[in-house]
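This report concerns only the one structure given below.
The values are calculated or read from the model by the stated rules, or taken from the named source; none is laboratory data. Note that this is a predicted model, so its numbers are computed, not measured. Glycine gets a Cβ as well: all are built from the backbone with ideal geometry, and neighbour counts include every protein chain shown. Protein only, heavy atoms only, side chains kept; ligands, DNA and RNA dropped before computing areas. Shrake-Rupley method; radii C 1.70, N 1.55, O 1.52, S 1.80 Å.
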Amino acid sequence: MKKIIYLLLSTLVPGIMYSQISTLPSTESFDTVFTEGTSVAFIPNWTGNIVAPPSTKIFRDITDYNSAPAALSVIPTSSFDGDVEVSLNLTSYQSVAINFLAKSMLNGTGTRDVVLTMSTSIDGGTTWIGSTQIASLPNTNQTAFTSYSYPLPVAANNQSNVLVRFYVTRGSTGTSTAAKLVIDDVTIQQTSTPQIVLNQTTMAFTQVLGVPSQTQTFTVAGSNLNGAVNLVAPSNYEISLSPSSGFTNSLNITPTNGIVSSTIYVRLNSSADGSFSGNLTASSTNTTTQNIALTGNCVSPTVTNPTPVVISEGANTVVFDQWDNTNTAGSRPQYLSLWSHSTSDPDLNTLFIEDWGCLYNLTSRSRFSGEGVNGLSMVNTGNPQFVGICDGSDPTQTTGNTIANGRAGAVVMALDASAISPNSSITINWTGRTILKNLRVYGLRMQYRIGTSNGNPNSGWLEFPTTEEYLSGEDNTSENKSTLLPSSCNGQSLVQVRWVYYYIIGTGARAQLSIDDINVTTATLSNHSFTTTANDFSLSPNPSYKGIVYLSSEQDIEVFDLLGNLLLSKNNATVINTNNFATGMYLVKSSNGTTKKLIIK
């Protein structure tokens, strides 16, 4: 009785395949009547997620076939993707390929294509590898079947629990109903024919001039190879085996025991504006050349660099403290620039393309907003602004063209620090503010660069030695921040600082954050009161988050702010309690003449 129950369960539990094809070659023409149901073995060794009566979902097709009396057909819909899986025991086999015939047939009145993607699992369906788009076929009556082949990935060699998936979906070409996909005369066999398989057929790129596009990947798999796989990218594209280096126009990959399995990184890296397309090719001895159609656009950034504010020794310079929502479209604060981009959830690598040119009183869609005495806020939504609202041609526009790069990105400031000596400090004091917390967490990350990287807004930016940022908090809350510029900025005629509005985690509406109350203070560190000697000591932790700071040795100390005001004097000190200190940088001087910088977060 226990054995009978076990066998029944093994045929009913979805995703567990106990019946397997274990002898190759094996053929299937789908002549047997299908068992209907959900996650059902509709014929031995083959399962379907929804096997339904004729002409819906996955079904036995007795109208369109290559060999009588039937074939396997799948009709994907907006709510259904066909998932057909065949179970294999390949313990004694390698270099296995699945060959079959397929065509599309007209379904309904739509024009949408049907897409077949195949993949492999070697752990019973928990994870899938070797995903490859096999075909994208139109919603028309194709008169002839076409031969297709799917070589299993190398990892499937000699594995006992292999699933191969035929995944059928609606394509992105056309509208309404998708074509019917007909599959017939499947052969599963070990092959000795050299072959190459790429898991992509098309790839699209966007590049901002001066910086390569973000990389994308594809996999190249080969079996029974007699020579290297030669990969060649079209003009203006580059490929590499590494995501960060080694990019070139062509690569040669040497097989091991006739097998290749590699991830290839691709990017667009044009030196001029324009649209660029061409085929990336993969070839080897006695194989059919495989192609990936690459398309891409390269655009020049048109962002504006802000006018530098001149700072001097010992001064406190106010840069920005208010921005009203009545300011005209395209205007900006005197010493700031506002950069935008095209990404709804930007990271710290998102490329900036244009200045913000819209109004500051908008209440929907992505925007910069004037918050009055609370500064200037940024928020993104799933949509950029309409063109007519931004250029004034249609202030009530609700449909139609939108700004291509109309999403809030960064507030940028420039300083002329040429008058600041090497022995001085430059501190940027600023306020990060949460207007609306919402559900999606965002931050304002502070970065700097010296100069303009030859006019490229997306190059040369550096992180501060300790991460400087404001993270979204509760509604209508704020945090005052003090950021010490690295000493390499001293004496420079142009230093740029930016606050990047970037996505961290979460779903739903995005946090609306503002930057406010930016001022720059400078102070001289080298004078008779702050002479460094060999009698050294250290402070820990440093930076401190308003707690106890420990001295490495007992000292008589004085603590000064950057304006030279004495805040604390203590003999035989081993600790400094910073609970009541404001955020910023301080100078701790010992009686022996040694001075240390202390940063309070």
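The rule of thumb for compact globular proteins, 2.2 N^0.38 Å, goes into the C-alpha radius of gyration of segment 371-429 1.82 times. Other residues whose C-beta falls under 11 angstrom from the C-beta of Q555 contribute a net charge of -1, scoring Lys and Arg +1 and Asp and Glu -1.
Neighbours of Q512, meaning other residues whose beta-carbon lies under 12 angstrom from its beta-carbon, give a summed charge of +3 when Lys and Arg score +1 and Asp and Glu score -1. In the chain, a dipole from Cβ-located charges (positive for Lys and Arg, negative for Asp and Glu) runs towards its positive end, and of T77, L462, P54 it is P54 whose Cα lies farthest in that direction.
Using a probe radius of 1.4 angstrom, the carbon and sulfur fraction of the accessible surface of the chain is 49%.
Using all pairs of distinct alpha-carbon atoms, the Kirkwood hydrodynamic radius of segment 105-168 works out to 13.5 angstrom. For S331 and S250, the FRET efficiency from 1/(1 + (r/R0)^6), where r spans their Cβ atoms and R0 equals 51 Å, is about 0.55.
Going by the alpha-carbon gyration tensor, a ≥ b ≥ c the square roots of its eigenvalues, is segment 197-328 rounded (a/c under 1.5) or, if a/c is not under 1.5, prolate (a/b greater than b/c) versus oblate?
Here segment 197-328 falls in the prolate category.
If packing is taken as the average number of other Cβ atoms within 10 Å across a peptide's residues, how do 31-39, 127-135 rank, most packed first?
Working: 31-39: 14.9, 127-135: 17.2.
Result, highest mean Cβ count within 10 Å first: 127-135, 31-39.
Using the beta-carbon distance between S487 and W461 and R0 = 25 Å, what value does 1/(1 + (r/R0)^6) give for FRET efficiency, to the nearest 0.05? Between S487 and W461 the formula returns 0.85.
For the chain, the Cys residues with no second cysteine's beta carbon closer than 4.7 Å are C298, C489.
Across all C-alpha atoms in segment 49-154, the radius of gyration and Dmax reach 14.9, 48 Å. Its alpha carbons give segment 255-398 an Rg and a Dmax of 23.2, 75 Å.
Estimated translational diffusion coefficient (Stokes-Einstein, Kirkwood radius over Cα pairs, 4 °C, 1.567 mPa s) of segment 155-242: 73 µm² per second. Taken over segment 228-306, the ratio of Cα radius of gyration to 2.2 N^0.38 Å equals 1.34.
Are any of the pairs K546/K597; K437/K546; K481/K570 more than 23 Å apart by Cα-Cα distance, and if so, which?
On the way: K546/K597 15 Å; K437/K546 25 Å; K481/K570 27 Å.
The pairs that break the limit, which is 23 Å between Cα atoms, are K437/K546; K481/K570.
The stretch between T140 and S172, if pulled fully straight at 0.36 nm per residue, gains 10.0 nm over its current Cα-Cα span.
Placing a pseudo-label 7 Å from each Cα along the Cα-to-Cβ vector at S55 and K597 gives an inter-label distance of 7.8 nm. The length gained on full extension between S149 and T193, counted as 0.36 nm times the residue separation minus their Cα-Cα distance, comes to 14.7 nm.
Give me the orientation-averaged projected area of the Cα convex hull of segment 394-462, in nm², one decimal. Present the calculation step by step, with values, prior to reporting the outcome.
Values: hull surface 34.9 nm².
For the Cα atoms of segment 394-462, the hull's average projected area reads 8.7 nm².
Run the dipole for segment 431-525 about the Cα centre, Lys and Arg Cβ at +1, Asp and Glu Cβ at -1, nothing else charged, and hand back the magnitude in debye, nearest 20. Working shown, then result.
On the way: 8 positive and 8 negative charges, 53 e Å.
With only Lys, Arg, Asp and Glu charged at Cβ, the dipole is about 260 debye.
Put the Cα centre of segment 551-601 next to the Cα centre of segment 338-362 and the gap is 42 Å.
Quick one: compute a quarter of the convex hull surface over the Cα atoms of the chain and quote it in nm². List each step's numbers first, then the result.
Details: hull surface 149.8 nm².
For the chain, the mean projected area of the Cα convex hull comes to 37.4 nm².
Note on segment 313-462: with charges restricted to the Cβ of Lys and Arg (+1) and Asp and Glu (-1), its dipole about the Cα centre is near 400 debye.
Extents of segment 188-233, taken as max minus min of Cα coordinates on every principal axis and listed largest first, are 47, 23, 11 Å.
Is there a quick way to get the dipole size of the chain? I mean about its Cα centre, with the Cβ of Lys and Arg at +1 and of Asp and Glu at -1; what is the value in debye to the nearest 20?
Values: 28 positive and 38 negative charges, 120 e Å.
Here the chain has a charge dipole of around 580 debye.
If you average the C-alpha positions of segment 51-84 and of segment 389-404 separately, how far apart do those two centres end up, in angstrom? Measuring centre to centre over Cα atoms gives 46 Å. Each of Q290, M203, P541 was placed along the dipole of the chain (beta-carbon charges, centred on the mean Cα), and the one lying farthest toward the positive end is Q290.
Taking every protein chain into account, the accessible area of the chain amounts to 44 square angstrom per residue (probe 1.4 Å).
Annotation: extensible slack from N383 through S283 equals 31.8 nm (criterion: 0.36 nm per residue apart, minus Cα-Cα distance). Report note on the peptides 586-595, 238-247: ranked by the mean count of other C-beta atoms within 10 Å, highest first, their order is 586-595, 238-247. Extending 7 Å from the Cα toward the beta-carbon at both T27 and T477 defines two label points whose distance is 7.1 nm. Helical content alone sets the calculated 222 nm signal of the chain at -500 deg cm²/dmol, taking -39,500 (n - 2.57) per DSSP H segment of four or more residues and averaging over every residue.
In summary, the aspartates and glutamates within cross-link reach of K601, defined as a Cα separation below 15 angstrom excluding same-chain residues under 8 places away, comprise E468, E469, E479, D561. For the pair segment 128-170 / segment 274-318, the C-alpha centres are spaced 34 Å from each other.
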